[in-house]
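The structure under discussion appears below in the form of structure tokens.
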Amino acid sequence: MSRFLSTKHFGITPYEPGEQPGEKAYIKLNTNESPYPPSPQVLEAVAEEIGRLQLYPDPAYTRLRESLAAPFGLQAENVIAGNGSDEILHFAFLAFADEEKSLAFPRITYGFYPVFAGLYRLPYVQIPLRKDFGLEAKDYIGLGKTIVIANPNAPTGLALSLKEIEQILLSNPANVVIVDEAYVDFGTQSAACLIPRYDNLLVVQTFSKSRSLAGARLGFGLGHKQLIEDLNRIRCSVNPYNLSRMSVAAALAALRDQDYHARNCREIIQTRTYCAEVLAQMHFHLTKSQANFLFARSPQIGGEQLYSRLKQRGILVRHFAQAEISDFVRISVGTREQMQVFLHTVQDILEGGKE
Ligand SMILES: *Cc1c(COP(=O)(O)O)cnc(C)c1O
């Protein structure tokens with residue numbers, strides 16, 4: 001810390017991302033990226049865009065917003081795009097929370113929510129999950145706070161039904177409900193269809209998980225026109241050129257190659273089912289994950305130990321120190337081949353095999 005840092009930042013705890021290894025070639029199952037490269041169409045579109053990098057991008061990125069809106073039956077005015085969905089969440093915390101509109105989110109969820117709240121000193125409550133790690137929708141009914149729900153939730157992979165989301169929206173009409181759908185493409189229904197009926201709903205999605213573009217940093221928010229205007233008020237006060245030309249080109253091309261996206265999602269879901277079965281045979285306890293990761297605990301080995309044994313053998317998974325979930329590891333679903341290596345390695349570790 002330098003002697004120049006504003007005292008108001010002394011107390012903040014920054015977000016701790018999963019490891020991004022440098023040289024060593026790990027099988028990387030720790031940050032829920034797609035194991036598949038971007039569509040060939042993305043490579044082409046980005047290569048072409050490079051020749052235009054001397055020009056600023058369109059700060060309204062109208063074409064991108066139209067392409068994002070169309071599949072949901074929405075208009076460009078219902079869409080804001082961001083440098084990763086983290087940026088959209090950042091804008092939303094700034095726009096829709098303060099001393100009066102305090103925040104509520106689950107106690108176990110995406111670790112960035114308390115970080116944003118901490119940075120801006122926004123009051124928040126963390127609502128415990130049920131014992132089975134499910135989210136209790138009742139706890140959010142008529143809460144009168146700005147609610148943030150990852151659906152499916154991370155790192156549990158469990159989701160609320162559309163009906164439960166709707167009850168939360170309906171019973172909190174004076175507050176924004178942010179539904180973070182980073183994992184929606186792996187088998188759950190988006191709440192975006194509720195947008196025409198609820199002006200307090202903000203749905204946030206990303207290209208990082210299902211669309212193989214974590215490195216491009218591309219996320220978006222969907223909501224009522226006025227909600228999006230509020231977010232743009234923040235965006236244009238922070239960084240109106242928040243997307244690079246290359247990211248916009250990559251996103252447009254990814255949206256055009258719908259078949260590639262659908263195929264990869266199907267493949268991930270199949271591999272997830274297969275791995276869950278094999279882990280269950282090895283006596284792991286798993287949540288019924290609807291995301292591109294598994295959340296699993298072995299009665300034979302602690303979470304941290306399993307994480308480090310796997311790391312020694314070149315496989316990265318994620319372990320969280322939080323007491324309620326410290327027995328678990330979160331395993332991103334990779335390719336079939338990667339997962340076979342993973343499962344064999346786990347088996348070997350459990351059997352006490354040496355390196
Ligand atoms: C990965 C993730 C994000 C962030 O995604 P980016 O678009 O890469 O910023 C947001 N929310 C949840 C729940 C996530 O898991």
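The values are calculated or read from the model by the stated rules, or taken from the named source; none is laboratory data. Quick caveat, the model's predicted, so the values are computed rather than measured. Glycine gets a Cβ as well: all are built from the backbone with ideal geometry, and neighbour counts include every protein chain shown.
Name the single residue, out of those in the stretch 17-40 being closer than 21 Å to Thr271 by Cβ and not in a loop (DSSP other than H, G, I, E, B), that is farthest from the ligand (Cβ to nearest atom). By that ranking, first place goes to Ile27.
Out of the residues in the stretch 280-317 meeting the condition of being among the β-branched types (Val, Ile, Thr) and assigned to a loop (DSSP other than H, G, I, E, B), tell me which one is surrounded by the most Cβ atoms within 10 Å (Cβ to Cβ). Of everything passing the filter in the stretch 280-317, Val317 is surrounded by the most Cβ atoms within 10 Å (Cβ to Cβ). Anything in the stretch 135-146 that is of a type in the set (A, V, I, L, M) and either surrounded by fewer than 22 Cβ atoms within 10 Å (Cβ to Cβ) or within 18 Å of Val333 (Cβ to Cβ) (or both)? List them, or say none. Residues satisfying the conditions are Ala137, Ile141, Leu143. Would it be correct to say that Leu53 is of a type outside the set (Lys, Arg), out of contact with any strand residue (DSSP E or B) (no Cβ under 9 Å at 6 or more places or on another chain) and closer than 22 Å to Pro17 by Cα? No; evaluated as a whole, the condition is false for this residue. Within this structure, Gln189 passes the test of being surrounded by fewer than 24 Cβ atoms within 10 Å (Cβ to Cβ), in contact with a helix residue (DSSP H, G or I) (Cβ under 6 Å, 6 or more places away or on another chain), of a type outside the set (D, E, K, R) and at pLDDT 95 or above.
The requirement of being closer than 17 Å to Leu29 by Cα, polar (S, T, N, Q) and either assigned to a strand (DSSP E or B) or without any contact (Cβ under 8 Å) to a residue 40 or more places away in the chain (or both) is fulfilled nowhere in the stretch 250-264; no residue meets it.
Being in contact (Cβ under 8 Å) with a residue 60 or more places away in the chain, over 15 Å from Ile88 (Cα atoms), within 15 Å of the ligand (Cβ to nearest atom) and crowded, with 20+ Cβ neighbours inside 10 Å is true for just one of Leu213, Leu222. Which residue is that? From the options Leu213, Leu222, the qualifying one is Leu213.
Residues of the stretch 102-134 that are surrounded by fewer than 19 Cβ atoms within 10 Å (Cβ to Cβ), within 15 Å of the ligand (Cβ to nearest atom) and part of a loop (DSSP other than H, G, I, E, B): Arg107, Gly111.
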